[in-house]
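Structure first, commentary second.
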Amino acid sequence: MSLQDGQIDPQVDEIADPAPLALWSRIVSGMLGFLLCGAGSAAVFMTENQAGSVALILAGALFIILTIGGNPLHSMGFGDTQMRFAVQRRRQQVLESVSHAPPEEARRTLEVLQTIDPGVVEDAGFRYQSARAFEGLIKQRFMQLFPDCTIATEAPYGHVDFIVARPVHRFLSVDALFLEQVSPHGISRASIVKRVRNFADSVVPLIIVSNVPMSHGAQRDLESAQASGTHARFVQWRDERDDRDLYAAAEDLFRIPSAGTSQPPVSP
């Protein structure tokens, strides 16, 4: 798997170009291989557990192959059973590179990584970098949609990701909520209620931006909070095609007069 300009080459498999084993690793691998093969061969004649004997021989043969080839084993399967030794290392290399890439390149890289290695969605590092890239993209969209705005990453109101400030003391709290699209129901009620509750008495409006839609229950709860006077909106944003919805919701919140009474610290 290669990473160049923030992208993974989809033509290169995740297990290609393995790093060769060190000399001491090959020596240890060879010794283990011969010991396991010897133990398995002896077990064939001394025990009735033929399955265990064969497993020992196969494991020994595996280590001997590693010794002869000098390359780490990436995968070996029998049916649905897979053994992987180097995938985690490959994942970490990509995720470390992504952490230094611009948001757009990071998103493309992570999308290709997930295509090549679907199991990476269970990796906490992958989820963190995905959320980080999504937050970076939302910041970029605000900067482009509202050229007169300033972004502050230190938000004094609630657990939000950043504050957007515009002239005449107009402020907006932004909660960028990235979720893997594994649930057909969307964002849960509990997640929305928790976020909106923190802003029930706030004079700074809140906009929740997510890559997935809300569940029907969450939508009802948000509408109920809005009817009670909470200045909060939800926008599903996946790419630039959703900019119109993001702009409309943000502009609506920026017009709220009560937002002008608060002056949270905003740094460029």
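Can ILE151 be described as β-branched (Val, Ile, Thr), surrounded by fewer than 21 Cβ atoms within 10 Å (Cβ to Cβ), farther than 17 Å from ARG238 by Cβ and not assigned by TED's automatic domain parsing to the domain that holds ARG166? No: the conditions fail for ILE151. Screening the stretch 100-125 for residues that are within 14 Å of PHE178 (Cβ to Cβ) and either acidic (Asp, Glu) or at pLDDT below 85 (or both) and picking the one that is surrounded by the fewest Cβ atoms within 10 Å (Cβ to Cβ) gives GLU111. Just one of (1) surrounded by fewer than 14 Cβ atoms within 10 Å (Cβ to Cβ); (2) aliphatic (A, V, I, L, M); (3) at pLDDT 80 or above; (4) not assigned by TED's automatic domain parsing to the domain that holds LEU246 fails for ALA190. It is (4).
A search for C-beta distances below 8 Å between a residue of the stretch 28-44 that is modelled with pLDDT under 75 and any residue that is outside any helix (DSSP H, G or I) and among the polar types (S, T, N, Q), counting only pairs 6+ apart in sequence or on different chains, returns ALA43/ASN49.
The values are calculated or read from the model by the stated rules, or taken from the named source; none is laboratory data. Quick caveat, the model's predicted, so the values are computed rather than measured. Note that we place each Cβ from the backbone using ideal geometry, even for glycine, and neighbour counts take in every protein chain shown.
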